[in-house]
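One structure is given below, encoded as structure tokens.
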Amino acid sequence: MKVLVIGSGSIGRRHSMNASKYGQVAVFDQNQSVSKDVAERAGGLSFSSIEQAIEWGPEAAVIATPGHSHLAIARELAQHVRRLLIEKPLCIEMDEIEITRRALESQGTQAWVVSNMRYHPGPRDIKTSMRHIGKPRFARAHFGSWLPGMRPGVDYRDIYCSKVNDGGGVIFDCIHEIDYLLWLLGPVEGISGTSARLSDLEIDGEDWAVLIMRHASGARSEIHLDYLQRFKQRGCEVIGSEGTVSWSSMGKNPEHCRVSLFECEHEEWKELFSSDPLKQGCPYSEMIEDFLSAEPSDRLSTFEDGVRAVELAHLARKRGQEKS
């Protein structure tokens, strides 16, 4: 299979390397020196224009550019490529969603949104263990990491996380938490919360947020997000009528991950997964494999899943700003 990767930043490089395991890879980026380097590392081709890349005849494409450009590129590729994987967030503003939806439908092109946290052992094992905890009552999810330390050797002010128009600010950057809670607990009927920039970081978005979502099932979920913790932590627990399933991850490169289940019937904790450390990159690799397979897994986040996550992120940011 021929796979085109648009964008050669850190995430584009990762997608290119992973896709090269399953097919022929070509890379396009406006910075041609970077795209040539990425293509060489992935054993693929580099094109100097998106038109040349399309002429190559890709069967699938990954869009890994800044968030404001995702939908325009998706519409252009929809005429030529039958399946697309779009980096999160799906978009920044909502005004291009309907025209993009129609373009995809008219061309018969399927689109998914990067959902690598659904492939992480934490959310993955929570999902498969939900049947053991009875009716879900509420969930608590959290993410915290020091923004200047996210890309070693790179000025944090130059990465997308620092720029709202590129998909930055902690709410949009960490939209995975919204996505996987929708995946675990179902549709959301309402969202509230607060957000702010609490630090002196030179960013134009929020570096701290607390969100509360009301799910159609009656369950509630809470999300804490921040760019302020000097040691990366991430996790979630879901509390049900008959038990609790809990995931915690600490650190990055190495990341230490543990998932545990408490069933009221047995009155004890059972370890479901433990990795010391967790092998890096597996969630992304498994996601690309699913994306390129003949029958993509339902773990992939659909275009409409991506739309709902962005809608909720917008509401959360708006209401957080109103209260700050």
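The values are calculated or read from the model by the stated rules, or taken from the named source; none is laboratory data. The structure displayed is predicted, hence computed values, not measured ones. A quick note on method: Cβ atoms are made from the backbone with ideal geometry, for glycine too, and the neighbour counts reach across all protein chains shown. Areas reflect the complete protein model, heavy atoms only, side chains present, ligands, DNA and RNA absent. Shrake-Rupley method; radii C 1.70, N 1.55, O 1.52, S 1.80 Å.
Each peptide in 296-303, 173-180 receives the mean, over its residues, of other Cβ atoms within 10 Å, and ordering these scores from highest gives 173-180, 296-303. Accessible area per residue for segment 273-324 is 52 Å², calculated with a 1.4 Å probe on protein heavy atoms, without ligands, DNA or RNA.
Which of the DSSP-defined H helices in the chain satisfy a minimum axial length of 27 Å, computed from C-alpha atoms, and a minimum mean Kyte-Doolittle hydropathy of -1.0?
Membrane-span-like by this criterion, though nothing is claimed about a membrane: 303-323.
Judged by the gyration tensor of its Cα atoms, with axes a ≥ b ≥ c, segment 1-84 is rounded; a/c sits under the 1.5 cut. Lysine pairs in the chain whose alpha-carbon atoms fall under 16 angstrom of each other, counting only those eight or more residues apart or on distinct chains, come to 6. About its Cα centre, the chain has a charge dipole of approximately 260 debye under the convention of +1 per Lys or Arg Cβ and -1 per Asp or Glu Cβ, with nothing else charged. Each peptide among 283-292, 39-48 gets the average number of other Cβ atoms lying within 10 Å of its residues, and from highest to lowest they stand as 283-292, 39-48. Accessible area per residue (1.4 Å probe, heavy atoms of protein chains only) ranks R317, R124 as R124, R317, with the largest value leading. Secondary structure note: in the chain, about 65% of the DSSP beta bridges are antiparallel.
Among the protein heavy atoms of segment 177-324, carbon and sulfur supply 46% of the accessible surface, probe 1.4 Å, non-protein parts ignored. Look at the alpha carbon pairs under 8 Å that are at least 6 residues apart: their mean separation over the length of the chain gives a relative contact order of 18 percent. For I86, the residues 5 or more places off, or on other chains, whose built amide H falls under 5 Å of its own are I63, W112, V113, V114. Average projection, convex hull of the Cα set of segment 101-191: 9.0 square nanometres. For percent of Cα pairs over 34 Å apart, the value computed from the atomic coordinates appears in the list (i) 42; (ii) 22; (iii) 48 under label (ii). Across the options V310, W269, P58, the greatest Cα extent toward the positive end of the charge dipole of the chain (unit charges at beta carbon of Lys, Arg, Asp, Glu) belongs to W269. Each stretch of four or more DSSP H residues adds -39500 (n - 2.57); spread over every residue of the chain, this sum gives -9500 deg cm²/dmol at 222 nm.
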